Amino acid sequence: MKGKAISIHSARGGTGKTVIAVNLAVILASKGCNVGLLDLDLRAPSLSTIFSKVIEPPVRYWLNDYLNGQCTEEQVMINVSKKYNLEGELLIGLANPAVDAIRSLLGKSSAWEVTAVKKLFSLLSRLFEDMGIDVCLLDTSPGIQYSSINSAVSSDLTIVVTTLDSLDLKGTETMLIDLYDALARKTAVLINKYSPEPRMFHGESSKGIASRVEGILKHPVIGVIPCFCDVLERERAIIMAIEDPKHPFISELEDVAEKIDKIVKG
Amino acid sequence: MHFEVLDMAVEETNSKPEFILAKTLSLFQTISQQLDLLISINEKMLETQKEFLQESNARAGNGVSPDTLSLLSLPSSLRKTVLALYKLQKATAEDIAGETKRLRGMESAWANQLVRLGYLKKIRQGRKIYFFIESRQETKE
């Protein structure tokens, strides 16, 4: 396949996974890259809300429909690049946030999951080979769930987002060993919400933090994003890379995007 | 007296190398026939057991499903083959080897082992044998 699939995952919720996935997708597309973005957090979807300003309801086909074999790859992907005047294409696949759709997923058998992972591979293959996509970001559900493991298995690289909270770090360590190492997947860690306050972490620099976490997790750390209070205070449905592209949070993510590009190409 | 002469004659015949060789050959032939019979019985038993296992699995509806979580319980050598087949969907041992960068012969052995374990199916098309993951929805279709 020409393009690369990158999963954004975390051991626990609230690490900023979706905000990072959406903004990375917009940053890459604004630089001329053709990007796909899939909402694979099927049990707690949020991309439909984030992109609601540019998508006219009703959404005809959801990712749920595609995984159930009810629509084609072309039908499930929505092109939003013109709405944001992006240089590259941005195609998004949304998960259905309706309670009925989520309830229906709860009753799915492991055999359905086998079909789902095969459908996911087919979707990525069509995106890369026929729809000109260079990078596809998969926003997954936190922890060990079928949707997140299916996306990790179908990705070329998984970025595990963690905060420096001990529960997050321990969960990430367990997940990296028991899941990613066992499945032999290429993985990198992204630390989010790092507090640069001198009273925190004994005034350790972000480089020092990255090196210490790499020592603990035995996986490369591709970025340490500081905690920006104004980002936390803003509405999460706002896409910072569109609304405030010069914000330091976006500058940090631009560095991450460059590192991802190197890892994927390497 | 007559009997003694007869016994001596028999003993003399039995000690001849031609006779010993003929008798050994005959014994080997009997053993070979019995081994063939055992092998054939064993094969029939294995076939019956396999059919029984498949039937009972189908009846219970719990055929092996190679979902991504189940992969974690497989040895890493077999897991890699299934992961490659998720991507390739349907492939020969050679195609799988191209994906996993392992030897074709080893991939063939692992894929066949996964077939025996019920994780994969295989189908012959012309001279090639293709391995694939079958999911229950597809079976119904």
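May I ask you to list the residues in region A:34-59 that are outside any loop (DSSP other than H, G, I, E, B), of a type outside the set (Gly, Ala, Ser) and open to solvent by less than 10 Å² (accessible area, probe 1.4 Å)? Spell out the reasoning first.
Quick first cut of region A:34-59, residues outside any loop (DSSP other than H, G, I, E, B) only: A:35-40, A:47-50.
Keeping just the survivors that are of a type outside the set (Gly, Ala, Ser) gives A:35, A:37-40, A:47, A:49-50.
A:Val35, A:Leu37, A:Leu38, A:Asp39, A:Leu40, A:Leu47 - these are the residues of region A:34-59 that are outside any loop (DSSP other than H, G, I, E, B), of a type outside the set (Gly, Ala, Ser) and open to solvent by less than 10 Å² (accessible area, probe 1.4 Å).
At pLDDT 95 or above and not in a helix (DSSP H, G or I) - does that describe any residue in region B:113-121? Reasoning before the result, please.
Taking region B:113-121 and keeping what is at pLDDT 95 or above, we get none.
No, that holds for no residue.
Name the residues in region A:155-183 that are within 14 Å of another protein chain (Cβ to nearest Cβ) and open to solvent by 10 Å² or more (accessible area, probe 1.4 Å), would you?
Initially, region A:155-183 is screened for residues within 14 Å of another protein chain (Cβ to nearest Cβ), giving A:155-156, A:158, A:174-183.
A:Asp156, A:Thr174, A:Ile177, A:Asp178, A:Asp181, A:Ala182 - these are the residues of region A:155-183 that are within 14 Å of another protein chain (Cβ to nearest Cβ) and open to solvent by 10 Å² or more (accessible area, probe 1.4 Å).
Here is a check on your reading of the model: is A:Lys186 among the charged types (D, E, K, R), open to solvent by 20 Å² or more (accessible area, probe 1.4 Å), under 29 Å from B:Arg79 (Cβ atoms) and within 14 Å of chain B (Cβ to nearest Cβ)? Don't jump to the end; show me each part of the working.
Details: among the charged types (D, E, K, R): yes; open to solvent by 20 Å² or more (accessible area, probe 1.4 Å): yes; under 29 Å from B:Arg79 (Cβ atoms): yes; within 14 Å of chain B (Cβ to nearest Cβ): yes.
Judged against the criteria, A:Lys186 is a match.
How many residues are in a loop (DSSP other than H, G, I, E, B) and closer than 23 Å to A:Phe121 by Cα when one looks only at region A:60-85? It would help to see each step written out before you state the result.
Restricting attention to region A:60-85, the residues satisfying the condition of being in a loop (DSSP other than H, G, I, E, B) are A:60-62, A:68-72, A:77, A:80-85.
Narrowing the set further to residues that are closer than 23 Å to A:Phe121 by Cα leaves A:60-62, A:68-72, A:77, A:80.
Going through region A:60-85 one residue at a time, the tally reaches 10.
May I ask you to list the residues in region A:107-135 that are crowded, with 22+ Cβ neighbours inside 10 Å and away from every other protein chain (no Cβ under 13 Å)?
A:Leu127, A:Ile133, A:Val135
Would you pick out the residues in region A:15-33 that are open to solvent by 10 Å² or more (accessible area, probe 1.4 Å), among the β-branched types (Val, Ile, Thr) and more than 10 Å from A:Ile239 (Cα to Cα)?
Correct list: A:Thr18 only.
Taking the conditions exactly as written (at pLDDT below 95, polar (S, T, N, Q), open to solvent by less than 30 Å² (accessible area, probe 1.4 Å) and over 29 Å from A:Ser166 (Cα atoms)), does A:Ser104 satisfy them or not?
No, not satisfied.
Within region A:92-121, can you find the residues that are under 14 Å from A:Asp65 (Cβ atoms) and among the polar types (S, T, N, Q)?
A:Asn96, A:Ser104, A:Thr115
Test each condition in (1) surrounded by fewer than 13 Cβ atoms within 10 Å (Cβ to Cβ); (2) more than 20 Å from the chain's Cα centre (by Cα); (3) at pLDDT below 85; (4) assigned to a helix (DSSP H, G or I) for B:Asn62 and report the one that comes out false.
(4)
A quick yes/no check of all residues on (1) assigned by TED's automatic domain parsing to the domain that holds B:Phe131; (2) at pLDDT 90 or above; (3) open to solvent by less than 90 Å² (accessible area, probe 1.4 Å); (4) under 19 Å from the mean Cα position of the chain (by Cα):
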residue: B:Asp7; (1), (2), (3), (4): no, no, no, no
residue: B:Lys16; (1), (2), (3), (4): no, no, no, no
residue: B:Ser40; (1), (2), (3), (4): no, no, yes, yes
residue: B:Leu78; (1), (2), (3), (4): yes, yes, yes, yes
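The values are calculated or read from the model by the stated rules, or taken from the named source; none is laboratory data. From a predicted model like this one, the values you see are computed outputs, not experimental measurements. All Cβ positions, glycine included, derive from the backbone under ideal geometry; neighbour counts span all protein chains shown. Heads up: the accessible areas ignore ligands, DNA and RNA and are worked out on the full protein's heavy atoms, side chains in. Shrake-Rupley method; radii C 1.70, N 1.55, O 1.52, S 1.80 Å.
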